[in-house]
Amino acid sequence: MKNLNLKLVSYLKKENHINPNPCQEIVASKVTKLIEGNAKPRIFKLNSNLKLGVYIFGSVGVGKSVIIKALNIVYPNSEMLHFNDLIFHLQSKNSTTKNYILSI
């Protein structure tokens, strides 16, 4: 998606009435680079069900959720998972963990 960085920052300003700080602008730029890099056609695909994603971490109150919510709206076909949901999802893919959960 072209100009994703600008669309993210614009969404934060217009819809959330937030003036992104330099740290948030850097995160938006890096997320854009990662997504653009993953959008390039690949010759070899390891798994057709493989989903690529971006994990943003940092201190409390720095705007991670705001950026992810904006990305979820601006970028089509995106999904938003909080850390707990991500860990639960990853553990449910593991057969040992799945058997343990089912035996409880």
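The values are calculated or read from the model by the stated rules, or taken from the named source; none is laboratory data. A quick note: this is a predicted structure, and the numbers were derived from the prediction, not measured. We place every Cβ from the backbone using ideal geometry, glycine too, and count neighbours over all the protein chains shown.
Looking at this structure, is Asn72 surrounded by 11 or more Cβ atoms within 10 Å (Cβ to Cβ) and either modelled with pLDDT under 75 or under 20 Å from Tyr11 (Cα atoms) (or both)?
Yes, satisfied.
For region 1-21, what are the residues that are crowded, with 18+ Cβ neighbours inside 10 Å and more than 22 Å from Asn77 (Cα to Cα)?
Result: Pro20, single match.
Of all residues in region 22-50, count the ones that are at pLDDT below 85, β-branched (Val, Ile, Thr) and either within 16 Å of Pro76 (Cα to Cα) or not in a loop (DSSP other than H, G, I, E, B) (or both).
So the answer is 1.
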